[in-house]
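Notes follow once the structure below has been shown.
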């Protein structure tokens, strides 16, 4: 059997990397779907209660109208969730203009239950909207990965910072935490495939795939970290053309 050439090996690696990226994107989409269903459950339960109360007051037109107004409010909430989720799904397969603030909020929503369970303080520095032509599913994957890494590094009641802004022709995204930090000797390897500081809990693929995605968007992703007691923490800085 002939020995594979370097170019053939690189081609195989690129194919495997793309397969991993698509697999992670599907996993991210699945996590978002679960969280969306969690959000949908509350207005659906409210509609059930409202329908019951309206039936109980069927002989009082004023009360029935009041309950119908409440039902309309819950339906508006459901419509908003549906439109928002569909807008992300439709822009996942091709580069289209999307509101990056909505994508960032979706990344937080994916991890909402973990955030609430560990009482993590979220500090947002977000504009009202920030349109950009991107592969929305891929950017969601990157932000979700960075949020997950921050949560893994944080103690209970820690702080996670999320900032988006446009400056000098670029959109800059920052996900930072006041967690344990990354050792200085690990920083040069942080974006290498299969390198992880999480032991058996990590695959070492999240940051590598995130870098590939940002490269595809002709952007950059950098990291700053500090492990000094009382001053520890990590910040990932992502920049893509506006």
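The values are calculated or read from the model by the stated rules, or taken from the named source; none is laboratory data. This one's a predicted model, so the numbers in the text were calculated from it and none came from an experiment. Glycine gets a Cβ as well: all are built from the backbone with ideal geometry, and neighbour counts include every protein chain shown.
Mind checking which residues of segment 154-208 are at pLDDT 90 or above, under 24 Å from residue 106 (Cβ atoms) and in contact with a helix residue (DSSP H, G or I) (Cβ under 8 Å, 6 or more places away or on another chain)? Within segment 154-208, 160, 162, 164, 171, 173, 175, 176, 177, 179 qualify.
All conditions in (1) within 16 Å of the chain's Cα centre (by Cα); (2) within 15 Å of residue 221 (Cβ to Cβ); (3) assigned to a helix (DSSP H, G or I) hold for residue 188, with the sole exception of (1).
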